[in-house]
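Asks: Sending over a structure as structure tokens; questions will come in a sec.
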Amino acid sequence: MTELLQRIQGFFAGSRDDFADVTLDLEGCTAFQLAVATTLRQVRWGELVAYGELAALAGYPRAGRAAGTFCANNRHFLLVPCHRVVAGDGIGSYGSLGTSYKRRLLRLEGHATL
């Protein structure tokens with residue numbers, strides 16, 4: 001079993017791992033996607049950020065909706081932690097995995113009320 005797989009299993013068992021040290025190949029990303037992914041990887045275990053706030057922190061203050069689209073299409077589950085990004089009026093979506101899965105991940109990180 002690889003170290004990363006062990007860490008992912010640990011996350012689901014309650015380990016406070018934000019996977020920030022895992023190297024990702026983000027080749028082929030646009031400048032915007034790279035900025036959002038890099039910024040989002042700085043959001044630590046248990047922290048939340050709104051879509052608009054994420055876009056602003058990434059240097060694109062008027063691109064909250066585009067940040068949401070990036071998150072909906074994120075293929076780097078847990079490593080680019082889009083589950084930590086919420087809408088201003090609630091939980092927001094979680095792409096093909098759905099909001100129930102996003103809620104599960106957030107509960108693992110101590111957010112029981114979302």
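Asks: Apply the Karplus curve 6.51 cos²θ - 1.76 cosθ + 1.60, θ = phi - 60°, to the phi angles in segment 53-64 and return the couplings in whole Hz, x for Gly and Pro.
Replies: Values, residue by residue: 5, 4, 4, 5, 4, 7, x, 10, x, 10, 10, x Hz.
Asks: Over all alpha-carbon pairs of the chain, lay out the pair-distance distribution in 10 Å bins, whole %, shortest bin first.
Replies: Using 10 Å bins, I get a P(r) of 14, 49, 32, 5, 0 for the chain.
Asks: Please give the FRET efficiency for Thr113 paired with Ala31, using the beta carbon to beta carbon distance and R0 = 25 Å, rounded to the nearest 0.05.
Replies: Computed FRET efficiency for Thr113 and Ala31 comes out at 0.10.
Asks: Kindly write out, for segment 88-99 in residue order, the coupling ³J(HN,Hα) from the Karplus curve 6.51 cos²θ - 1.76 cosθ + 1.60 (θ = phi - 60°), rounded to whole Hz, with x marking Gly and Pro.
Replies: x, 10, x, 6, x, 8, 9, x, 5, 7, x, 6
Asks: So which cysteines in the chain don't have a second cysteine's C-beta under 4.7 Å from them?
Replies: Cys29
Asks: Further question on the same structure: Cut-off is 10 Å between beta-carbons; in what order do Tyr94, Tyr101, Tyr51, Tyr60 appear when sorted fewest neighbours first?
Replies: Details: Tyr94 21, Tyr101 14, Tyr51 24, Tyr60 18.
With the fewest neighbours first, Tyr94, Tyr101, Tyr51, Tyr60 line up as Tyr101, Tyr60, Tyr94, Tyr51.
Asks: How big is segment 47-114 by Rg and Dmax over its Cα atoms, in Å?
Replies: 11.2, 31
Asks: Right, something else. May I ask which residue of Ser96, Ala112, Asn74 lies farthest towards the positive end of the charge dipole of segment 47-114, with charges of +1 (Lys, Arg) and -1 (Asp, Glu) on Cβ and the Cα centre as origin?
Replies: Projecting each Cα onto the dipole axis, the largest value belongs to Ser96.
Rule-based calculations on the coordinates, nothing more; no lab input. Keep in mind that what you see is a predicted model, and the values were worked out from it rather than measured. Using ideal geometry, Cβ is built from the backbone for each residue, glycine included, and neighbour counts are taken over all protein chains shown.
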